[in-house]
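Written below as structure tokens is the structure these notes are about.
The values are calculated or read from the model by the stated rules, or taken from the named source; none is laboratory data. Here the structure is a predicted model, which means the values were calculated and not measured. In this analysis, Cβ positions are derived from the backbone assuming ideal geometry, glycine residues included, and neighbour counts consider all displayed protein chains.
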Amino acid sequence: MKGKVAATGPKNKPPPRIGLVGPCGAGKSTLARALRDLGYRVHHIAQEHSHVPDMWQRRVSPDVLVFLDASFETSTRRRNLHWTRAHYEAQQRRLAHARAHADLYIRTDDLTPRQVLERILAWLDQQGYARPQPPGPGAEKTGH
């Protein structure tokens, strides 16, 4: 399907507040923009930089927690990061609590941003979440 993601199934739940977590370079910022453009309330949670394991719950308490993951090699290439495997592994340790509590886990190494978006939208549809009304032109985008 090109250019449009179909909505399927009954919608019994209102559009969710979505939290995004994952290591640097996994695609959180790109996905957050795409979801906001569709009208979702999205919070890009910088859990990978926090030593407080449940910061994602304390700061946002999302209806849906999405964990985007990417390998060390992919993260480094996407963000042109000059870091070591030890830095990446430290982020993964700081993300362990969020990963264990994630509602949806997506490995993004071999996916385009569009494919990641389609996967989350399909999952939200399967869970019975309604689609939000897309914001109008010039609408303020919040949820950082």
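Name the single residue that is modelled with the lowest pLDDT among those in region 96-140 being surrounded by fewer than 15 Cβ atoms within 10 Å (Cβ to Cβ) and among the aliphatic types (A, V, I, L, M).
Filtering region 96-140 for residues that are surrounded by fewer than 15 Cβ atoms within 10 Å (Cβ to Cβ) and among the aliphatic types (A, V, I, L, M), the one modelled with the lowest pLDDT comes out as Ala139.
Any idea which of (1) part of a helix (DSSP H, G or I); (2) at pLDDT 85 or above is the one Arg58 doesn't satisfy?
In the conditions (1) part of a helix (DSSP H, G or I); (2) at pLDDT 85 or above, Arg58 misses (2) alone.
Listed here are the residues, each with its yes/no results for (1) farther than 12 Å from Cys24 by Cα; (2) out of contact with any Gly (no Cβ under 6 Å at 6 or more places or on another chain).
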site	(1), (2)
Gln57	yes, yes
Asp63	yes, yes
Leu68	no, no
Arg78	no, no
Gln91	no, yes
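Only one of (1) surrounded by fewer than 18 Cβ atoms within 10 Å (Cβ to Cβ); (2) on the phi < 0 side of the Ramachandran plot; (3) modelled with pLDDT of 90 or more fails for Gly39. Which number is that?
(2)
Within 16 Å of Trp123 (Cβ to Cβ) and modelled with pLDDT under 95 - does that describe any residue in region 69-85?
Kept after step one, since they are within 16 Å of Trp123 (Cβ to Cβ), are these residues of region 69-85: 69.
Then keep just the ones that are modelled with pLDDT under 95; that gives none.
No: region 69-85 contains no residue that is within 16 Å of Trp123 (Cβ to Cβ) and modelled with pLDDT under 95.
Answer with yes or no whether Gly27 is on the phi > 0 side of the Ramachandran plot and modelled with pLDDT of 90 or more.
yes
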